[in-house]
There are 6 protein chains.
Amino acid sequence: DFQNALTEVRPAFGATLENFEQALSGGFIDYGLPVTHLLQSSHLFVQQLSNSTRSNLMTVLLQGPSKTGKTATAIKMAKESGFPFIKLVSPEKYVGFSEQSKVLSIQKVFDDAYRSSLSIIVIDDIELLLEYVPIGPRFSNSVLQCLKVLLKTPPPKGRKLMVIGTASRQDVLDSLELTESFTSVLTVPALADEDSIKRVMLETSLFTPETAQECARLAVIAAGPNGIGIKRLLMVCEMAKTEEKVTPQAFQECLRLV
Amino acid sequence: DFQNALTEVRPAFGATLENFEQALSGGFIDYGLPVTHLLQSSHLFVQQLSNSTRSNLMTVLLQGPSKTGKTATAIKMAKESGFPFIKLVSPEKYVGFSEQSKVLSIQKVFDDAYRSSLSIIVIDDIELLLEYVPIGPRFSNSVLQCLKVLLKTPPPKGRKLMVIGTASRQDVLDSLELTESFTSVLTVPALADEDSIKRVMLETSLFTPETAQECARLAVIAAGPNGIGIKRLLMVCEMAKTEEKVTPQAFQECLRLV
Amino acid sequence: DFQNALTEVRPAFGATLENFEQALSGGFIDYGLPVTHLLQSSHLFVQQLSNSTRSNLMTVLLQGPSKTGKTATAIKMAKESGFPFIKLVSPEKYVGFSEQSKVLSIQKVFDDAYRSSLSIIVIDDIELLLEYVPIGPRFSNSVLQCLKVLLKTPPPKGRKLMVIGTASRQDVLDSLELTESFTSVLTVPALADEDSIKRVMLETSLFTPETAQECARLAVIAAGPNGIGIKRLLMVCEMAKTEEKVTPQAFQECLRLV
Amino acid sequence: DFQNALTEVRPAFGATLENFEQALSGGFIDYGLPVTHLLQSSHLFVQQLSNSTRSNLMTVLLQGPSKTGKTATAIKMAKESGFPFIKLVSPEKYVGFSEQSKVLSIQKVFDDAYRSSLSIIVIDDIELLLEYVPIGPRFSNSVLQCLKVLLKTPPPKGRKLMVIGTASRQDVLDSLELTESFTSVLTVPALADEDSIKRVMLETSLFTPETAQECARLAVIAAGPNGIGIKRLLMVCEMAKTEEKVTPQAFQECLRLV
Amino acid sequence: DFQNALTEVRPAFGATLENFEQALSGGFIDYGLPVTHLLQSSHLFVQQLSNSTRSNLMTVLLQGPSKTGKTATAIKMAKESGFPFIKLVSPEKYVGFSEQSKVLSIQKVFDDAYRSSLSIIVIDDIELLLEYVPIGPRFSNSVLQCLKVLLKTPPPKGRKLMVIGTASRQDVLDSLELTESFTSVLTVPALADEDSIKRVMLETSLFTPETAQECARLAVIAAGPNGIGIKRLLMVCEMAKTEEKVTPQAFQECLRLV
Amino acid sequence: DFQNALTEVRPAFGATLENFEQALSGGFIDYGLPVTHLLQSSHLFVQQLSNSTRSNLMTVLLQGPSKTGKTATAIKMAKESGFPFIKLVSPEKYVGFSEQSKVLSIQKVFDDAYRSSLSIIVIDDIELLLEYVPIGPRFSNSVLQCLKVLLKTPPPKGRKLMVIGTASRQDVLDSLELTESFTSVLTVPALADEDSIKRVMLETSLFTPETAQECARLAVIAAGPNGIGIKRLLMVCEMAKTEEKVTPQAFQECLRLV
Ligand SMILES: Nc1ncnc2c1ncn2[C@@H]1O[C@H](COP(=O)(O)OP(=O)(O)OP(=O)(O)O)[C@@H](O)[C@H]1O
Ligand SMILES: Nc1ncnc2c1ncn2[C@@H]1O[C@H](COP(=O)(O)OP(=O)(O)OP(=O)(O)O)[C@@H](O)[C@H]1O
Ligand SMILES: Nc1ncnc2c1ncn2[C@@H]1O[C@H](COP(=O)(O)OP(=O)(O)OP(=O)(O)O)[C@@H](O)[C@H]1O
Ligand SMILES: Nc1ncnc2c1ncn2[C@@H]1O[C@H](COP(=O)(O)OP(=O)(O)OP(=O)(O)O)[C@@H](O)[C@H]1O
Ligand SMILES: Nc1ncnc2c1ncn2[C@@H]1O[C@H](COP(=O)(O)OP(=O)(O)OP(=O)(O)O)[C@@H](O)[C@H]1O
Ligand SMILES: Nc1ncnc2c1ncn2[C@@H]1O[C@H](COP(=O)(O)OP(=O)(O)OP(=O)(O)O)[C@@H](O)[C@H]1O
Ligand SMILES: [Mg+2]
Ligand SMILES: [Mg+2]
Ligand SMILES: [Mg+2]
Ligand SMILES: [Mg+2]
Ligand SMILES: [Mg+2]
Ligand SMILES: [Mg+2]
């Protein structure tokens, strides 16, 4: 029991590292201003939290359309903080859990964090965590209330905690009055201009500069004003490579299929 | 227990083969372009998944009206992939299951697949799996959320997984926001032109070329603009055969009854 | 246990025979065309199922207004098939059952049928089986989904199964999307013409030809355009007999009371 | 166990007699035509059921406004039938029962009745039995479905069963589609004319002929077109008696209070 | 067990006396006509119930706005009856009870009363007992139905029972169709005229005749046409006393705060 | 057991002190009239409760917009009362509790208070305690009813209890009819004028008088007519300090982010 307690107190950094790698399987490409802005804000939060003598809880919501890189950004922020305790709360760990077990499990992650002086908890895909479905609408109120309370509860004296949540349906979080439980809300945008898209393409080394130019043009047209998420863009690129490089024809074909 | 573990790891190809045969009891008839297109797209997905170094999850939804051959097409695609692990998740296996057991059972199929390097999981009749009924509407949110999460979770490093789902009510899947959980959506159409219908009829060897021509004309009229599903067409043909061959009168009679 | 298994496999024809007799307590009167048509269609289905090499499942829905003889017709069809395994799934067997036990019990009937080469399952009073009530509306979705799946699952190779369902509220079955789970839908009509009604009366041997004529006229007027179900008609006749025969006065009185 | 079985088979007439007496605590007053008509119809049903060779189930619904004497009429009918087995299914026996136990308990009453050759079951206050409340509306669907099925299930061969139900909200039973489960529906009316009311008053021996006349006039005015139920009328009379007899002043006062 | 039975039969008068005293902590002030009328009606009910040979159940609902003295009036009526068995059914005894235990516990109070020849049961704060909330609306249907049935069930022969209920939301009880379960409904009004208010004030001995006059005028203005409940009035008086007596300024201040 | 009882009776003042400190982490700044008014009212309630011979329960609701200092004010009031027993009922203690356990746990806090002669219970964040969510709306009716009853139940003779609740959504408490369960309702306002804001800033010693003036102006503009809560204001100040003091630029930047 005592042994047990010891283990629980030790920050579980290593254990969760693998998930982090998978979330960053497409690397972390600096395609322009939005990326810079997100990382700078994050830096500011981390610095303030570290230095503050009064407040010891900081909660940030990363939100943006589907497949725009929210999860990867959250992981990136967490890693760059240099905080020793980082934990990922992610829906795939709770498949088949009862509401009750889910709540207890989430609470345990926070309790673990409260034992470390500097911690970050990433809560990924909040809508899925809440089992939200627009018909009804239905969702787990237990999990919702658990999050609302934990997002408001400061850690014990001497501990600092940063929480980063990700969500793709702002209207849902608003209607659940969960957005206002975060102290800050940052947006992860889709890519809508040729330049950003080309920069992403070139980083994949699947394009020559010329085809990158051409394909970026095609992507902008296909994506329209809403833009294309970086996750989807990388998937199309990957799928369109035939030998080593991508041809505009293959790229256009794959844009339709995926 | 150790023995047990061993068995579970070994791909269960043989066990599910029989279901596959039953789903293809009417053969797989190449009646024209739609068939070609479906098989080609599937081929592309399989190839990309096999070769890709970055992405290791591909999810396709086959959707189309009732009795158009969705299940048979999914099985066909799975068999043609040459992947060694193929599993069929089908509502008839879950009659009388609680939501909880259903979720655990589906999750187990995925866990098994994660142990094989190249796997395909066919999730048949998604509306039935969700116990969807338009009054309410009611459905199993646990199963829905389980699918949403599993369709988003990449298998462990070094494993490749393709998921093929079938569904006949696109509006339902849309309203449940499940369609967008698939990376690709392909349509399995009904037959609406004389030519395709005739080609199916001739393949059954229940028609002379002349009666096929005549009956195809009758079928097109009866089916109207929505067309007739290949499954229903084959059933009418079978029922209309009196001795060995079908007569137009018997065919027309059976079109009304079935 | 082995003994047990043996008993279960043996077709339980005798056991259910008594229910069949009760459902036909009013005999089976051929009052004209609708009766002929129903029995002929049934004959065709049976023949086709017996001879077919490809399809081995046939599902028919008998629907019509209250008390028109749906149950009796279903039993009649089942008995005339000559199939050795006939089972009746009827709501009265499930009073006080939980949804779960009901589903398991229905599934067991099908499993038993799958063990016989030629089987018929009559599912009587589907609305009651579903515990449907228009307020809400409420119904057992578990039982509904169980029926939907079982009506779609073909028996194992080499087995043939015919399912006959009865229901009196087509709109309900439509709204539950259950009608389309049957391959055929046949209607059992109410009696609305003097001639059919008279033929039924004469078969009861409670009427002289003259009173039959007179009472049939009264019944047509009382019944109106919707007609009168054969079950109710037989009940009124029975109730109106004072000594041995029925008088028009007594008949008219009873038409009001029942 | 065998002893047990024996006891259960023996008709439990005596046991329930006390309840019957309480329900008839106000006697059974023949105040005119409605009473005659109700008893005559009941007589006809009993006679028909006893003599019939074909039908062995008769189900009657007594419905009418609150406090009009439905329960007393049902008991009166049951007692006059001369049937040896009479059982009362009444909500007060089920306070604190779960839905499940209620259903099982009701079913047991029917099973007992099936063992007797001539039985009557009175199902009193059906809305209360169903725990119906207009807000929602809410009610026990299990009990409702149990009643629907039992009201349709004929007793075994050689047994005769009459069921008499009472209910005061016809619209409720209609909306639950329970009215149509009865073969006959009879109405127990409120008293709206001076003559009937006076006849009831005189039977109580609390009035002189003159005060009866006067008070009846007052009651008609107070009751209005909807009339006054016999149960309420008897309560007002009882309450208005000061010494031995009632005065019009006291009567009017009590009409206001009760 | 026998000992147990004995104890239960003995009327539990003493045990509940303390609650009664607390409910009358503000005394019972005769401030005018409404008080007289309530006590007279109650007296009539008690007398009639004691003397009647036919009816042995009397049920009265005391209803009126919040804080008008309903609970105190009910207790006063019960105490004045002189009946040896008085029990208080009050929501505070059921905090944390399940619906089921609440129902069983209420039923037990009635069962105890049935063993005494003259009993009174006060059911206080019926909306709270039902856990009624207007959103939904939600409430305990089990408790509601339990009350409906118990309010209709006469005690065994030779026993007399009076039930006094209190409720402040008549619309709620009406919509639940619970009002009509009581044989009588009496209203406990708020104080809206200077005279009654002054009489209450003088009884508290916190006012001189002059300040009473002045403060009563202030109270009438503040209360408006809906009046002020006696419970709230007494609270304001108590709070406004600084030394021994109340000043108009303090009184006005406290009217705003409470 | 007896030991146990003893411990429970002893007021648990020390145990909860730490929570109190955390709630007052930003100190308690007297920024003007609203603060004075709140503390004076509280003083009056405490005095009256202590001296009264008749009433022994006082319930106050502190309500106001998000982050305006409700919790801190409630704690301040409790501490200033000088009452020996102070307990904090706060949602964070109930994460993962079932409704039932929550109710029992709250009830226990009240039972403990009833054993002390002078007690204060602070019920913080009532909406969270009720697990209220506007979609549905859904909330725990058990907890709601428990609060309603406990807020109405006076402690035993000789005990005095003050309850202070906090809530930020008055419309919610109104719609749940919970507001009216409190005898008094006080409002904790947001800061909307330059003067109050400046006074708060100066108390933090993070501003020079000049920057305080400037930043207060900026805050008033950013906050608009709804004002800014003191909790949020203090957070922005803290975040904006770079070295020791705050600059207007940093302040404005942080106003946007938090
Ligand atoms: N600047 C970047 N920001 C975010 N992701 C990037 C960036 N550069 C490259 N990526 C890659 O893009 C992918 C983003 O996928 P990610 O899962 O984070 O998207 P998401 O918005 O969380 O998707 P979903 O809406 O499905 O949850 C990752 O593979 C990541 O490695
Ligand atoms: N090209 C084809 N595509 C699909 N099915 C074919 C084709 N050629 C023949 N078939 C036969 O048609 C039948 C199609 O039935 P299938 O069960 O796949 O339809 P479905 O759309 O899944 O029906 P449902 O909507 O009822 O689930 C099978 O018997 C299959 O063998
Ligand atoms: N041609 C006929 N078709 C059907 N029933 C007949 C026929 N001739 C006689 N009958 C008798 O009529 C009665 C029909 O009752 P049955 O229970 O089948 O009606 P139902 O439509 O199932 O009623 P419900 O709507 O109440 O379920 C039976 O007693 C049956 O013996
Ligand atoms: N002709 C009569 N018909 C019915 N009841 C009568 C008649 N004559 C006297 N009574 C008396 O009138 C009373 C009728 O009460 P009863 O309980 O039957 O009414 P109810 O309609 O069932 O009331 P509720 O609507 O409350 O259930 C009984 O006390 C009964 O003895
Ligand atoms: N004539 C009177 N009638 C009623 N109460 C009186 C009377 N005179 C004095 N009181 C006092 O007034 C108070 C009435 O409070 P009571 O709890 O009965 O009100 P209530 O209407 O039940 O309140 P609530 O709506 O909160 O349940 C008691 O303290 C009682 O002693
Ligand atoms: N006069 C004051 N009134 C209230 N709080 C003050 C005051 N002066 C300083 N503070 C500080 O302001 C902060 C108020 O935060 P508090 O948690 O009480 O706000 P809240 O309204 O309860 O917030 P929430 O709506 O999130 O529950 C505390 O840190 C407290 O120390
Ligand atoms: Mg993501
Ligand atoms: Mg299919
Ligand atoms: Mg039938
Ligand atoms: Mg009755
Ligand atoms: Mg009260
Ligand atoms: Mg707070």
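Each helix, a run of at least 4 DSSP H residues, gives -39500 (n - 2.57); summed and divided by the residues of chain A, these come to -15500 deg cm²/dmol at 222 nm. A label point on F:Lys152, set 7 Å along the Cα-to-Cβ line, lies at 2.6, 2.6, 4.5, 4.5, 5.2 nm from each of its counterparts in the other copies, closest listed first. Here the protein assembly as shown is treated with +1 on each Lys and Arg Cβ and -1 on each Asp and Glu Cβ, and its dipole about the Cα centre works out to around 1660 debye. Out of the total accessible area of the protein assembly as shown (probe 1.4 Å, heavy atoms of protein only), what percent is carbon and sulfur? The computed percentage sits at 52. A probe of 1.4 angstrom, applied to the heavy atoms of all protein chains, finds D:His37 with accessible area near 100 square angstrom.
Note on the range E:51-181: antiparallel DSSP beta bridges, both residues inside, total approximately 5 percent of the bridges counted. To check you understand DSSP bridge types, tell me what percent of the beta bridges within the protein assembly as shown (both residues inside) are antiparallel, rounded to 5. So the antiparallel bridges amount to about 10 percent of the total. Placing a label point 7 Å from Cα along the Cα-to-Cβ axis, F:Arg115 is separated from the same position in the other copies by 3.2, 3.2, 5.6, 5.6, 6.4 nm, shortest listed first.
Going from the isolated chain to the complete set of protein chains, the range D:69-105 loses at least 50 Å² of heavy-atom accessible area (1.4 Å probe) at D:Glu92, D:Val95, D:Gly96. For B:Ile29, the accessible area of its heavy atoms, probed at 1.4 Å with every protein chain present, is near 20 square angstrom. Would you mind counting up the charge near D:Gln213? Only other residues with Cβ under 9 Å from its Cβ, with Lys and Arg at +1 and Asp and Glu at -1. Counting the neighbours of D:Gln213, the net charge comes to -1. Accessible area buried by the pairing of E and D, both sides summed with a 1.4 Å probe, works out to roughly 2700 Å². Exposed loop GluC sites (Glu not before Pro) only (DSSP loop, at most 12 other Cβ atoms within 10 Å): please give the longest stretch of chain F free of them, not including the sites. Longest site-free region, per DSSP loop and neighbour criteria: F:1-242.
For D:Gln22, the point set 7 Å out from Cα toward Cβ sits 3.3, 3.3, 5.8, 5.8, 6.7 nm from its twins in the other copies, listed from shortest up. Axis-proximal residue of chain E for the rotation onto chain F, reported as residue and distance in whole Å: E:Gly136, 9, based on Cβ position. In this simple spin-label approximation, A:Gln22 and A:Lys152 carry label points 7 Å from Cα along the Cα→Cβ vector, and these lie 3.4 nm apart. When the charge dipole of the range C:89-207 is built from unit charges on Cβ atoms (+1 for Lys and Arg, -1 for Asp and Glu) and taken about the Cα centre, the candidate among C:Ala113, C:Pro156, C:Thr204 whose Cα reaches farthest toward its positive end is C:Pro156.
Can you give the log10 of the normalised intensity I(q)/I(0) at q = 0.13, 0.14, 0.15, 0.20 Å⁻¹, computed with Debye over equal Cα scatterers of the range A:15-134? The Cα Debye sum returns log10 ratios of -0.57, -0.66, -0.76, -1.30.
If you build the Cα gyration tensor of the protein assembly as shown and take the root of 5 times each eigenvalue, what three semi-axes come out, in whole angstrom, biggest first?
In descending order, the three semi-axes are 60, 60, 25 Å.
Shown for the range E:220-246: residues covered by the partner protein chains by 50 Å² or more of accessible area relative to the chain by itself (probe radius 1.4 Å), namely E:Glu238, E:Met239. In vacuum, with every alpha carbon of chain C counted as one equal point scatterer, what does the Debye formula give for log10 I(q)/I(0) at q = 0.13 Å⁻¹? Two decimals, please. Here the Debye-derived log intensity ratios amount to -0.88. Only bridges with both residues in chain A count here: give the DSSP antiparallel percent, nearest 5. DSSP beta bridges in chain A are roughly 10 percent antiparallel.
Taking A:Lys160, A:Lys70, A:Lys231 as the candidate residues, the one with maximal mean-square fluctuation in a Gaussian network model of chain A, Cα springs under 10 Å, is A:Lys231. Number of Lys-Lys pairs in the range D:126-258 with C-alpha atoms under 24 Å apart and a separation of 8 or more places or on different chains: 8.
In the context of the full protein assembly, D:Ser181 retains an accessible surface of approximately 30 Å², using a probe radius of 1.4 Å and ignoring ligands and nucleic acids. Charge tally around E:Leu255: other residues with Cβ under 13 Å, Lys/Arg +1 each, Asp/Glu -1 each, net 0.
Heavy atoms of the protein chains alone define the surface here; on that basis the range A:157-258 has 45 Å² accessible area per residue at 1.4 Å probe size. For chain B, the longest principal axis of the C-alpha atoms and the axis of helix B:33-51 are separated by about 20°. Counting only protein chain heavy atoms and rolling a 1.4 Å probe, the accessible areas of B:Arg54, B:Arg256 rank, largest first, as B:Arg256, B:Arg54. Considering only E:Val122, E:Val103, E:Val188, the mean-square fluctuation computed in a Gaussian network model of chain E, springs between alpha carbons under 10 angstrom, is largest for E:Val103. Say R0 is 60 Å: what FRET efficiency, to the nearest 0.05, do B:Glu243 and E:Glu180 get from their beta-carbon distance? Result of the calculation: an efficiency of 0.20. Inter-label distance, C:Thr187 to D:Ser50: 4.4 nm, where each label sits 7 Å from its Cα along the C-beta direction.
The values are calculated or read from the model by the stated rules, or taken from the named source; none is laboratory data. Note that this is a predicted model, so its numbers are computed, not measured. Here Cβ is always computed from backbone atoms with ideal geometry, including for glycine, and neighbour counts include all displayed protein chains. Note: areas computed on protein heavy atoms with side chains; ligands, DNA, RNA excluded. Shrake-Rupley method; radii C 1.70, N 1.55, O 1.52, S 1.80 Å.
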